[in-house]
Structures are given as C-alpha cells and as structure tokens.
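Enquirer: The structure's right below; bear with me while I get my questions together.
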C-alpha cells in the first residue's frame, strides 16, 4: 500500500459508500435507531459493511463502548504519521465522551509491521494492549522482531506466551479481515480514519479529527 512521501501532509476526504455493498452482504445490517430524525447520507455506507468494520468483538476499542459515533483507524506501527497521530487521537477521546474508537491493525510496511501487529493483537490476551500499543508507537526504532519484543518486555508482557498467542489463527484472521476491508473500500494507505460515511487519509490534527466526527453525527448511521 502507498504511504505519503516524507514531509508531505495528506488530508483527503473520501466518501466510501459507493461500491462497498458487496462486502459482508450476507451478514445483515445493524438495527435502525428508533426515532432517528437525522438525514441519510447521499452516499451511505452499507449497514452490513459498517457492522464488519466497527463491530468485530475481537477489535481493540477505546473511548466510550456505547458511543454514538465510531472512529476507525487503519494504522501501521512503522507509519511515521500513525505515530504522530497517536497523541491527537488520545486527546480527542479525552475531550469527546460520546466517541467510540476502533483500532484496525493494517501492516503494510513489511515483515516488521506484520510481526508488530500480530504481537500487539496477541497482547490483548494479557490485558496490556494499550500499554504495548503506546510503547510501539512511541519508540524511536523501526518496529521489527527485536524491537517489538524489547518493548513487550518493558511493559511486562510474558513474551513466551505472546509468541504462542500471536501465531493463533484468530490473530491472522483479524489482520486479513482488515486487509480485505481496506481493499473493498479502496483505502490509499495509513493512517486512514473512518467515521460515519467518510474517511480521511494522512496526518490529521485534532481539528481535522473533530470535523470528521462532527460530520458523521449529522447523518443517520
């Protein structure tokens, strides 16, 4: 997948409803909200696609689990803009108490990124995903086996158990689901943020993220 060139700030809004209805068509949609008077988006995301994107119970979720809007982030631990965006996402969560955030591990920067994503998702089994996620996002070095395992030890993970858990089929299934979603929605690269019926690609600041979420709240989801 493509990444922004060094020093280039990308911020492109994309309507993602068109052409996405085929994804998960057999899953059925989410129930409609009672007495929701908000308008439909002119190019809405299919409900079955939103269910796959936002509601996989294995996904790491931050913020309000019952939030009225879900912000999904597709990221890679070796993506420099993903690392820069981490603090802004944390700030947004702190300021918006009605926001639900879903993390989609999308390792597109090579073998080191795949290793990091598998290890990160496996850390959920030890209840240390958030500590490990922050350690990987803030380290100076590239994410690869040696640096990832060093970070795992620093946050107190059982690395022997981590190595076993990260090779389980459920971990790979989740990563492959994210890859399939990215292909279906024709995402350009990391980081990509999706809220409501639109996405934004590239380095975003807090104001950009707030606008994406605010726009999502205008329409029926």
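Enquirer: Determine if the range 98-107 includes at least one residue that is in contact (Cβ under 8 Å) with a residue 60 or more places away in the chain and farther than 25 Å from residue 67 by Cβ.
Expert: Yes, the range 98-107 has at least one match.
Enquirer: Here's something else I'd like to know. What residue, of 100, 104, is crowded, with 21+ Cβ neighbours inside 10 Å, under 13 Å from the mean Cα position of the chain (by Cα) and modelled with pLDDT of 95 or more?
Expert: One residue alone meets the criteria, 104.
Enquirer: Continuing with the same structure: Tell me which helices (runs of 4 or more DSSP H) are completely within the range 116-221 and hold 1 or more residues being in contact (Cβ under 8 Å) with a residue 12 or more places away in the chain and farther than 27 Å from residue 52 by Cβ, or say none if there are none.
Expert: The qualifying helices (runs of 4 or more DSSP H) are 129-138, 145-154, 159-165, 206-217.
Matching residues to (1) buried (at least 21 other Cβ atoms within 10 Å of the Cβ); (2) under 24 Å from residue 56 (Cα atoms); (3) within 21 Å of the chain's Cα centre (by Cα):
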{"residue": "111", "(1), (2), (3)": "no, no, yes"}
{"residue": "118", "(1), (2), (3)": "yes, yes, yes"}
{"residue": "129", "(1), (2), (3)": "no, yes, yes"}
{"residue": "139", "(1), (2), (3)": "no, no, yes"}
{"residue": "145", "(1), (2), (3)": "no, no, no"}
{"residue": "158", "(1), (2), (3)": "no, no, no"}
{"residue": "161", "(1), (2), (3)": "no, yes, no"}
{"residue": "164", "(1), (2), (3)": "no, yes, no"}
{"residue": "168", "(1), (2), (3)": "no, yes, yes"}
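Enquirer: Another one. Looking only at the range 37-57, filter to residues that are exposed (fewer than 11 other Cβ atoms within 10 Å of the Cβ) and modelled with pLDDT under 80; which one of those is farthest from residue 218 (Cα to Cα)?
Expert: Within the range 37-57, the match that is farthest from residue 218 (Cα to Cα) is 42.
Enquirer: Please verify whether the range 59-72 includes one or more residues that are in a helix (DSSP H, G or I) and either more than 22 Å from residue 217 (Cα to Cα) or at pLDDT 95 or above (or both).
Expert: no
Enquirer: Every residue in the range 170-190 that is more than 23 Å from residue 47 (Cα to Cα) and surrounded by 15 or more Cβ atoms within 10 Å (Cβ to Cβ), please. Don't jump to the end; show me each part of the working.
Expert: We begin by selecting, within the range 170-190, every residue more than 23 Å from residue 47 (Cα to Cα); these are 170-172, 189-190.
Matches in the range 170-190: 171, 172, 189, 190.
The values are calculated or read from the model by the stated rules, or taken from the named source; none is laboratory data. Because the structure is predicted, anything quoted here is derived from the model rather than measured. Because the Cβ atoms are built from the backbone with ideal geometry, glycine has one as well, and the counts that use them run over all protein chains shown.
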